[in-house]
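Okay, so here's the structure we're looking at.
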Amino acid sequence: MLKANFLKRHGDSPDNLFEKYQGLILRVAIPSPMRTHFDYLPPKETSSKTGSLLPGSRVLVPFGKRNILGFVLAHANGSNIGSIKLKAIIRALDEEPTVSPALLKTLIWASEYYQHPIGEVLSTAIPSKLRSPSPKISKSYAWVSKSNDKAYSDLKRKPRQMALLNFIRNNTTAMSTNDIRAQGFDSSLLLKLESSGLLIRKAMAAPPGPSTSLVPKTSTIINSNVILNSEQKAALKSISSSQNRFSTFLLDGVTGSGKTEVYIEAISQQIKLKSQCLVLVPEIGLTPQTFSRFKKRFDCPIIMYHSGLSAKNKMIAWSQACDKNPFIVVGTRSSVFLPMPNLSLIVIDEEHDSSYKQQEGFRYSARDFAVMRAHNEGFPVILGSATPSLESLHNTIIGKSTRLELSQPATEAKPNTTRIIDINSIGLEEGFSEPLLEKMSEHLLQENQILIFINRRGFAPVLFCDTCGWASECDSCISRMTVHSNPAKLRCHHCARSRSIPSKCPNCGSSKLETYGLGTQKIENFLTHRFPTIPKIRIDRDSTRGNSNLNKKLNEISSGKSCLLIGTQMLAKGHHFPNISLVIVLDADAGLFSSDFRGQEQMAQTLIQVSGRAGRGLNAGEVIIQSRHPNHETLNLIASRSFKKLAQLQLIERKNGDLPPFAHLCLLRGESKNLKDADEFLKKILVLSKTLKLETKKDIIRLGPIPAPREKRAGRFRVHLILKSQTRSLLQNHLKELLILIFEKGVPRKVRFHVDVDPIEML
């Protein structure tokens, strides 16, 4: 019937309709959950853009009843789809591929490795303004004159073109299309001068100027008085020996050892060679400081890129990153996808930080993606940290990367002293022991800065009734709601729900409601009463909403004036504040008994990093840690700054437990409003997994399904199924086959299904 109706409409021969198509087709990825590509014919109408349909180009394609954006993956001769079903691409959207061939290769790898649809991966890699075929991205062009004596002589009979050309030549800076139109010249004149070879244009995302123009400057690095020590020189020499070839270096340097200076010198070498460099930082809060530091040392364009930018500014930065001139990008996780055609070095600062792993949607690791990109494009990558991840340390042991050690502080300051205060037998006033308060007074008398670290924002972790024991719990999560002040609210830190603080117990009606535990707001209130004349600066997610708020607070700290800093892990890493003489860790015990196998590693990294904020000037710093387990081995290794030994012990434990980096994990998560729906779905996946035949004697270890440690979040129950293998390729092949079966059978509408390869967050 289908064939007959089609013939009635089109009158074609039946022999050619349903047979496999022979001829040029384009394989296109669609930004959707579908894990396949689609075959399309070239556009019916030829245009200047038709010949540019290279892999990585954006195209407009018919899909069902809609016209949507797609990405060309490859060209092929013929399709397994019958000619009756093949549709033609409507039009090309790019004159040149949006995604370069080299970057496309790495993105395809990421799609396969992280088991995520290639269309969504490609969509993630470009700015939001490029994810829609309409409206078009308005481009401005910088117009520059070009010598052509013959063409110039022909302009004698074309006064308007002559006037425009002279106007452009007489301006010292490149003129944008908008600037030229403002002078009364029609854009058609620009096109005529371009076709005659008298003008060339360069696409810009914004009018040219000091902040957007990527025209190279006369020098690349501003002289400084910094002299590298022997360890820094040795590290730089090793990095320099790997120019123009792939190598991975782990720059393992204690806090204050001058890792940034090694970065700067390595980047300087590349910029002098007219290349481009990418510097990744784990959080937005570190971007301005790093940007400012580089700005003082380099006389070349520096681009900032992070999620806090507006869509317009992201588009501007992305367009700048398409330039072939030398420049530096300082950015967070998503910066790893920027075009950068002459990229020659990637630096990943604080490489251990979990912020480099995306926790939603396309769950990629920016660190691992950067390493693979460097491998595919043939240049070195530097992983820097005072507390390297166990995975990175293990890679140096097995020879996958080179460890470069900076064991001494770069300055002549005396090393910090660290002591642990046993708080089992002494009274606490809002979390502070009396010896601690006395020590704080000593440092404040010397007009120094003090950092109080507590990784818990809000006023108090819980509100409870002293009469019946009721506690403030989130209706959507199996978790307690945190008490916040200013404004007074109960907030869930897992699903962001909030409600008013009750005046009476909702359970028994008692007015005896009390708060339990400490948060940054409560600490700030206490210190305001205890040290009323000393300025307080609180830095957490609540107090720094908006980049301007964070920058203002960081500038206050950088002024060096005496103050009390209260902060979460936002202050624990990367920042350089020379006037901090005392660091206080109020509660060091939370990570000692974590249900996550990474708990102690992450706690050690955080505490050593925050301890490193002290004594970064000329004077030695002090670190005081309060604990109810002062004799715990991990805590004492942290106090002695023996991360190397701690890492060795952790690696032994991981090996004995068959855990990463000695095994490879994939977390399959089902979420549903009904626990039973998610559990039954993952049980079916478990059965499917067991039916797949393995090519080797080695097996896949399956753990679960079991409820997640945080069983309910945002109104949905969460169930985990963990797949484990000692062989990465075996796990990857198994996942690929398993996911084909899962999506063939279909995911129930009631269930949300997520795949997380190399999971960091297991809760």
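Each reported figure results from applying straightforward, stated rules to the coordinates on display, with no laboratory input. All values derive from a computational prediction rather than experimental measurement. Here the Cβ is made from the backbone with ideal geometry for all residues, glycine too, and neighbour counts use every protein chain on show.
Other residues with beta-carbon under 14 Å from the beta-carbon of THR544 carry, at +1 per Lys or Arg and -1 per Asp or Glu, a net charge of +1. The slack in the chain from LEU437 to GLU737, taken as 0.36 nm per residue of separation less the alpha-carbon distance, amounts to 102.0 nm. With the highest mean first, a sort of the peptides 645-654, 254-263 on other beta-carbon atoms found within 10 angstrom per residue produces 254-263, 645-654. For the chain, averaging the sequence separation of C-alpha pairs within contact (under 8 Å, six or more residues apart) and dividing by the residue count gives a relative contact order of 10 percent.
Other residues within the sphere of radius under 15 Å centred on the Cβ of SER503, judged by their own Cβ, net out at +2 (K and R +1, D and E -1).
Helix 599-611 and the longest principal axis of the C-alpha atoms of the chain enclose an angle of approximately 80°. Residues of segment 438-467 with the amide nitrogen closer than 18 Å to a label point 7 Å from the Cα of ARG530, along Cα-to-Cβ, please. Residues passing the 18 Å test: 438-461. Which is farthest toward the positive dipole end of the chain among ILE68, SER230, VAL330, measuring Cα position about the Cα centre, with Cβ charges +1 (Lys, Arg) and -1 (Asp, Glu)? Value computed over the given set: ILE68.
Quick one, which of [x] 91, 71, 56; [y] 87, 62, 58; [z] 145, 70, 60 is the actual Cα extents along the principal axes in Å calculated for this model? Entry [x]. Here the peptides 535-545, 273-283 are ranked by packing, the mean other Cβ count within 10 Å, and the order with the highest first is 273-283, 535-545. The relative contact order of segment 664-757, computed from alpha carbon pairs under 8 Å that lie at least 6 residues apart in sequence, is 46 percent.
Less than 5 angstrom separates the built amide H of TYR305 from those of VAL330, GLY331, THR332, all sequence-distant by 5 or more or on a different chain.
Only DSSP H runs of four or more residues enter the estimate; each adds -39500 (n - 2.57), and after division by the residues of the chain the mean residue ellipticity at 222 nm equals -9000 deg cm²/dmol. Of the peptides 161-168, 590-597, 333-340, the order by per-residue mean of other Cβ atoms within 10 Å, starting with the highest, comes out as 333-340, 161-168, 590-597. Residue exposure proxy: TRP109, TRP143, ordered by other Cβ atoms within 10 angstrom of their Cβ from fewest to most, comes out as TRP109, TRP143. Which of rounded, prolate or oblate describes segment 265-331 when judged by the alpha-carbon gyration tensor and an a/c cut-off of 1.5? Judged from the Cα gyration tensor, segment 265-331 comes out oblate (a/c at least 1.5, b/c at or above a/b). From least to most packed, judged by other beta carbons within 10 angstrom and beginning with the fewest, HIS754, HIS664 follow the order HIS754, HIS664. Relative to the longest principal axis of the Cα atoms of the chain, the long axis of helix 434-445 makes an angle of roughly 60 degrees.
Taking square-rooted eigenvalues a ≥ b ≥ c of the alpha carbon gyration tensor, is segment 664-757 rounded, prolate or oblate, where a/c under 1.5 means rounded and, failing that, a/b exceeding b/c means prolate? Prolate is the answer for segment 664-757, as a/c is 1.5 or above and a/b outweighs b/c. Counting neighbouring beta carbons within 10 Å and listing from fewest to most, the residues VAL583, VAL687, VAL755, VAL28 come out as VAL687, VAL755, VAL28, VAL583. Which is farthest toward the positive dipole end of the chain among LEU406, PRO506, SER640, measuring Cα position about the Cα centre, with Cβ charges +1 (Lys, Arg) and -1 (Asp, Glu)? With unit charges placed on the Cβ atoms, the residue in question is PRO506.
Which pairs break 25 Å Cα to Cα here: LYS272/LYS357; LYS536/LYS573; LYS439/LYS536; LYS259/LYS295; LYS129/LYS192; LYS44/LYS745? From LYS272/LYS357; LYS536/LYS573; LYS439/LYS536; LYS259/LYS295; LYS129/LYS192; LYS44/LYS745, over 25 Å: LYS272/LYS357; LYS129/LYS192; LYS44/LYS745. Between the amide H of SER257 and those of ALA410, distances stay under 5 Å, these residues lying 5 or more places away or on another chain, with hydrogens modeled in the peptide plane. The angle separating the long axis of helix 230-240 from the principal Cα axis of greatest extent in the chain is about 20 degrees. Tell me the net charge near LEU280. Cut-off is 14 Å between Cβ atoms, LEU280 excluded, with +1 for each Lys or Arg and -1 for each Asp or Glu. Spelling it out: positives minus negatives among the neighbours equals 0.
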